[in-house]
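Q: The structure under discussion is supplied below as structure tokens; questions concerning it will follow.
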Amino acid sequence: MTSLSRLLARFAAFVLLAAGLASPALAEKRVALTFDDIPRQQGAFFTPQERSEKIIAALKDAGVEQAAFFINPGALAEPGKDYGEAHVDAYVAAGHVIANHSYSHGHLSRTTAEAYLADIDRAEAWLAGRAGYRPWFRFPYLDEGADDKAKRDAVRAGLKERGLSNGYVTADGSDWHLEQLTVLAKRQGLPMDEKQLRRLYVASQMSGLAYHDQLARDTLGRSPAHVMLMHETDLAALYLPDLIAEMRKQGWTIIPVDEAYRDPISTAQPDVPYAWGTLTGSMAWEKDVPPPLSPDWMSTGMMTYLFETRVTKAKLDTE
């Protein structure tokens, strides 16, 4: 689709909406919240138990009916994570759902399809039958096989055989990177400006959401029910209330993950040269839709620069 065609499509959509002829979904901005890597390692500010309690409280206080937590059962046996199963149960007791993020959080591009599917099965054995379970699988690192189409297709077929659907994401703000920066700063004894950290967290997540929403609109002609990728981080524990408030301020409705995965794009399986990243990005690539010029997506490099100039006001030692 050319730039002129996209412009005309947007204008037509606006005219139809104004006339009451367009679907309300065309104008809606809907997003579901999902968290990866449960149980996650300790961050810069809280014990893992404190962190999960704060995330549960933040979601409840904000009236978020249902989020999803993608579990790595293999991490439960790691040192210092003996709390893990109890707080998985706590997420479910709070009304949220859980799903498969593999047993050991490996890269598909670095192993065989057979070994990868066996790892999924191992996680599924732990998850299946638990309260709150959903038959979704999210690829660790969003790595769906990179440039190996045969491997990609073998795992897609394996998921279908197992009754698992892709727990895809449509928007990503690289919160894992900002979390890593806070851990480094804490380890190096650098004071952090809490106000600036909060602003950077909210801005980075909102930039990721806005960028991917525009990319989806350019590709699909509408805003789908988005699935936001986040992680079980101390930053989420601290700033989820601020992030959710900003989402709503900017017109977003937070919906249950069950609802988001009923969007028509849930069955899409883009055929692109490199299978990695958000579903939004892959669908755009398949249709040769260029990235939007605006809004900007905050890169990890820009995030680091803003962290060092505004949060720590000092360079981090990354060696």
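The values are calculated or read from the model by the stated rules, or taken from the named source; none is laboratory data. Computed from a predicted structure; not experimentally measured. Note that we place each Cβ from the backbone using ideal geometry, even for glycine, and neighbour counts take in every protein chain shown. For the accessible areas, the whole protein counts, side chains as well, though only heavy atoms, and no ligand, DNA or RNA atoms are used. Shrake-Rupley method; radii C 1.70, N 1.55, O 1.52, S 1.80 Å.
Q: Restricted to segment 216-226, and to residues that are aliphatic (A, V, I, L, M) and out of contact with any Phe, Trp or Tyr (no Cβ under 9 Å at 6 or more places or on another chain), which residue is farthest from Met247 (Cα to Cα)? Talk me through it step by step, then tell me what you get.
A: First pass over segment 216-226, keeping only residues aliphatic (A, V, I, L, M): 216, 220, 225.
Still in the running and out of contact with any Phe, Trp or Tyr (no Cβ under 9 Å at 6 or more places or on another chain): 216, 220.
Details: Ala216: 17, Leu220: 22 Å.
Here the answer is Leu220.
Q: Here's a follow-up. Scan segment 188-203 and tell me whether some residue there is within 30 Å of Thr267 (Cβ to Cβ) and in contact (Cβ under 8 Å) with a residue 40 or more places away in the chain.
A: So in segment 188-203, the residues within 30 Å of Thr267 (Cβ to Cβ) come out as none.
Scanning segment 188-203 turns up no residue that is within 30 Å of Thr267 (Cβ to Cβ) and in contact (Cβ under 8 Å) with a residue 40 or more places away in the chain.
Q: Mind listing whichever residues of segment 101-116 are surrounded by fewer than 20 Cβ atoms within 10 Å (Cβ to Cβ), touching a residue at least 12 places away in the same chain (Cβ under 8 Å) and of a type in the set (A, V, I, L, M)?
A: Within segment 101-116, just Ala113 meets the criteria.
Q: Taking segment 55-100 on its own, how many of its residues are of a type in the set (A, V, I, L, M), loosely packed, with under 14 Cβ neighbours inside 10 Å and under 18 Å from Glu259 (Cα atoms)? Before you say what the answer is, go through the steps one by one.
A: Of all residues in segment 55-100, those of a type in the set (A, V, I, L, M) come to 55-59, 62, 64, 67-68, 71, 75-77, 86, 88, 90, 92-94, 97-99.
From what's left, loosely packed, with under 14 Cβ neighbours inside 10 Å: 77, 86, 93.
Filter once more, so that each one left must be under 18 Å from Glu259 (Cα atoms): none.
The qualifying residues number 0.
Q: Tell me which residues, restricted to segment 149-176, are in contact (Cβ under 8 Å) with a residue 40 or more places away in the chain, assigned to a helix (DSSP H, G or I) and out of contact with any strand residue (DSSP E or B) (no Cβ under 7 Å at 6 or more places or on another chain).
A: Passing the criteria: Lys149, Ala154, Arg156, Gly158.
Q: Given (1) modelled with pLDDT under 95; (2) among the aliphatic types (A, V, I, L, M); (3) touching a His at 6+ places or on another chain (Cβ under 8 Å), where does Leu293 come up short, assuming only one miss?
A: It fails just one condition, (3).
Q: Which condition breaks for Asp234 when tested against (1) more than 19 Å from the chain's Cα centre (by Cα); (2) closer than 27 Å to Gln41 by Cβ; (3) among the charged types (D, E, K, R)?
A: Failing condition for Asp234: (1).
Q: So which residues in segment 121-145 are in contact with a Phe, Trp or Tyr (Cβ under 6 Å, 6 or more places away or on another chain), open to solvent by less than 10 Å² (accessible area, probe 1.4 Å) and not in a loop (DSSP other than H, G, I, E, B)?
A: Passing the criteria: Ala123, Leu127, Asp143.
Q: Arg199 fails exactly one of the following numbered conditions: (1) open to solvent by less than 10 Å² (accessible area, probe 1.4 Å); (2) part of a helix (DSSP H, G or I); (3) not acidic (Asp, Glu). What is the number of that condition?
A: (1)
Q: Look through segment 34-54, keep the residues that are of a type in the set (A, V, I, L, M, F, W, C) and part of a loop (DSSP other than H, G, I, E, B), and return whichever of them is least open to solvent (accessible area, probe 1.4 Å). Can you show your working first?
A: Here is the first cut: in segment 34-54, the ones of a type in the set (A, V, I, L, M, F, W, C) are 35, 38, 44-46.
If we keep only those that are part of a loop (DSSP other than H, G, I, E, B) too, we end up with 44-46.
On the way: Ala44: 12, Phe45: 75, Phe46: 30 Å².
Only one residue tops the list, namely Ala44.
Q: Looking only at segment 245-259, which residues are part of a helix (DSSP H, G or I), more than 14 Å from the chain's Cα centre (by Cα) and buried (at least 21 other Cβ atoms within 10 Å of the Cβ)?
A: Within segment 245-259, the subset part of a helix (DSSP H, G or I) is 245-249, 257-259.
If we keep only those that are more than 14 Å from the chain's Cα centre (by Cα) as well, we get 245-249, 258-259.
The answer is Met247, and nothing else.
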